[in-house]
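Have a look at the structure below before the remarks.
Please treat every number below as a calculation from the coordinates, not as lab data. Owing to the predicted nature of the structure, the values given are computational and were not obtained by experimental measurement. A quick note on method: Cβ atoms are made from the backbone with ideal geometry, for glycine too, and the neighbour counts reach across all protein chains shown.
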Amino acid sequence: MQRDSFGSRFGALVVIAGSAVGLGNIWRFPYMAGTNGGAAFIILYLVFVALICFPCMIAELMIGRRSRSNAPTSLRALAPGRRAWDWTGKLFIIIPILVLSYYCVIGGVTMEFFTRSLGMNPPSGNWSPVVWTAVFLLATGLIVVFGVQKGIERFSKVMMPLLFIIVILIAIRALTLPVRPGAEYSAADGIAFLFRPDFSKIDGKTCLAALGQAFFSLSLGSGVLMTYGSYIRPHDNLAKTAGQIAFFDLLFAIIAGCAIIPAVFALKDNPLAILSDNTDSALVFNILPDVFPQMPLGSLVGAFFFFALILAALTSSISQFEVPVSYLVEEKGLSRTVACAAVFCIALVLGMACALRPKVMSAFDGLCANWLMPLGGLLALLFVGWVLTRGDLSDELSSGGTHKVGERFIAVLSFAIRYLAPVGVIAVFLSQLFS
Ligand code: PFF
């Protein structure tokens, strides 16, 4: 059977950036940056992306592309006869399914808010979160069932640019909000909150917050980058693709910050309390629906915002969905349609538990973002650093000799993959353990 692949490097770029850019950028990044030292947090985030996440991205993409198969099969094929890695591979099926099962609940809530922002009044009851979860999952499955190039890539190529344009327009609207008479703060104070570096806020906890944010935001350690890596064409430049994805992910988070924080400052009386209180999705789902109606053209901006959020969530959820689908198709011989139906059913059952029991949802989130994803990232780093060879790394970076890569770059990256990044991830682990 001919294996599907991305049609172009641009296709690979938008699809992987689509997985990275998601709810993590829109609701998590703005308040994390705002409350953890503003620009100082952003600088830390950049350092961690360069030193830890970039090597981890290369490691995961490379595992996929080297074996051109789904995540578990890749590990088995690249380390034949080593049962521990065979078992490790299964983790990269479990993690995306777990993430999907709560991500689709938030995606469903976003869809519900979108319909409300259009002035519709969908019936709501105890079961409505389950229904919205099912609708969101169905939308995800319907994109994935069309395949990598005709479904995922085609959808992302149209929706990612659209998502960028919408969020830029909302940021412009937020930044140009007039000062309310008698108000203590303005939109400009929001920008100051986000960008003024406050180095006094930087401590161990802030460092770890920045690293955790970078991990979640780049979809690291979930099997997604391995799976998507396996669809990257053999001659495409991996390092360049990884670098551009990290850049776009950060750029998008900053633009989303400029869309949200200034609006809260311009239109709310107690912005500092609101932003420092946010530990949950409250900012996006409790505060913003209240903020939009107060601004000129507010209902239009609100509708566009929730539409953008749906797009961001969908391009991430399709990546989580594709990981087990590719496994079921390649390893278990299911047709793509049957595999999609199976993943839909599993995620729906788990998603129901998350939709009906918020505690289950936050337990899943804590388990995945704080434990399983860093563990997955660490294992991928160890695999590339200690099971594969430096020759494998240089072969992948140069795409089999298609382009020139400096020896020094390979040496630095190899050091980061073997030592620096694993130690960084272990530090996050330890901090979670003792916090
Ligand atoms: N990177 C996504 C975001 O920032 O919203 C979240 C995510 C996507 C996590 C895919 C895990 C994953 F497998």
Relative contact order of the stretch 298-435, pairs being alpha-carbon contacts under 8 Å that are 6 or more residues apart, as %: 19
Three-way shape label, the stretch 373-435, alpha-carbon gyration tensor, a/c 1.5: prolate
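With +1 on the Cβ of every Lys and Arg and -1 on the Cβ of every Asp and Glu, and nothing else charged, how large is the dipole of the stretch 1-70 about its Cα centre, in debye rounded to the nearest 20? Before the final figure, lay out the partial values.
Values: 6 positive and 2 negative charges, 49 e Å.
Roughly 240 debye for the stretch 1-70.
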For the chain, built as a Gaussian network whose Cα springs stay under 10 Å, the top-fluctuating residue of Ser394, Ser69, Ser124: Ser124
Choice from Leu142, Leu388, Leu211 showing the highest fluctuation, given a GNM over the chain with Cα pairs closer than 10 Å: Leu388
Compactness of the stretch 177-216, expressed as Rg and Dmax over alpha-carbon positions, Å: 14.9, 42
Computed [θ] at 222 nm, helices only, for the chain once each DSSP H run of length n ≥ 4 contributes -39500 (n - 2.57): -22500 deg cm²/dmol
Largest-first ellipsoid semi-axes for the stretch 97-214, taking √(5λ) over the Cα gyration tensor eigenvalues, angstrom: 33, 22, 18
Unit charges at the beta carbon, dipole of the stretch 93-228: most positive-side option, Leu138, Val224, Leu98: Leu138
Between the stretch 184-244 and the stretch 285-322, the alpha-carbon center distance in angstrom: 20
Size of the stretch 43-153 as Cα extents on the principal axes (Å, biggest first): 56, 38, 29
Packing-based exposure ordering (other Cβ within 10 Å, fewest first) of Val423, Val291, Val145, Val167: Val423, Val145, Val291, Val167
Nitroxide proxy distance, nm - points 7 Å out along Cα→Cβ at Val47 and Ser299: 4.9
Anisotropy class of the stretch 53-114 from Cα gyration tensor, a/c 1.5 cut: prolate
Overall Cα dimensions of the stretch 311-372 - principal axes, largest extent first, Å: 36, 25, 20
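Order by neighbour count: Cys368, Cys207, fewest other Cβ atoms within 10 Å first, most last.
Numbers: Cys368 26, Cys207 20.
Neighbour counts put them in this order, fewest first: Cys207, Cys368.
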Viscosity 0.890 mPa s, temperature 25 °C, Stokes-Einstein D of the stretch 164-285 from Kirkwood C-alpha radius, µm²/s: 145
Given charges at beta-carbon only (K, R positive; D, E negative), |dipole| of the chain in Debye: 820
FRET efficiency, 1/(1 + (r/R0)^6) with R0 45 Å, evaluated for Ala84 and Ser186 via beta carbons: 0.20
Residue-wise HN-Hα coupling along the stretch 336-346, computed from phi with Karplus coefficients 6.51, -1.76, 1.60 (Hz; x: Gly, Pro): 4, 5, 5, 4, 5, 5, 5, 5, 4, 5, 4
Gaussian network model of the chain, Cα within-10 Å springs - most flexible of Ala353, Ala12, Ala308: Ala353
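Strictly greater than 40 Å: what percent of every Cα pair in the chain meets that?
Cα-Cα pairs of the chain separated by over 40 Å account for 15 percent.
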Hits among lysines - C-alpha to C-alpha of Lys201 under 30 Å, sequence gap 8 or more where chains match: Lys268
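Quick one, what does Rg over Rh come out to for the stretch 243-346 if you take C-alpha atoms and the Kirkwood Rh?
Numbers: Rg = 18.9 Å, Rh = 16.6 Å.
Using only Cα positions, Rg/Rh for the stretch 243-346 is 1.14.
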Hydrodynamic radius by Kirkwood, which averages 1/r over all alpha carbon pairs of the stretch 107-170, in angstrom: 13.5
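For an R0 of 35 angstrom, estimate the FRET efficiency from the Cβ-Cβ distance between Ala427 and Ser124 and round to the nearest 0.05.
With R0 = 35 Å, the Cβ-Cβ based efficiency is 0.20.
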Normalised contact order of the chain, rounded percent, pairs of Cα under 8 Å and 6 or more residues apart: 35
Mean projected area in nm² (Cα convex hull; one quarter of hull surface) for the stretch 1-78: 6.9
Three-way shape call for the stretch 319-435 based on the alpha-carbon gyration tensor, with the a/c threshold at 1.5: oblate
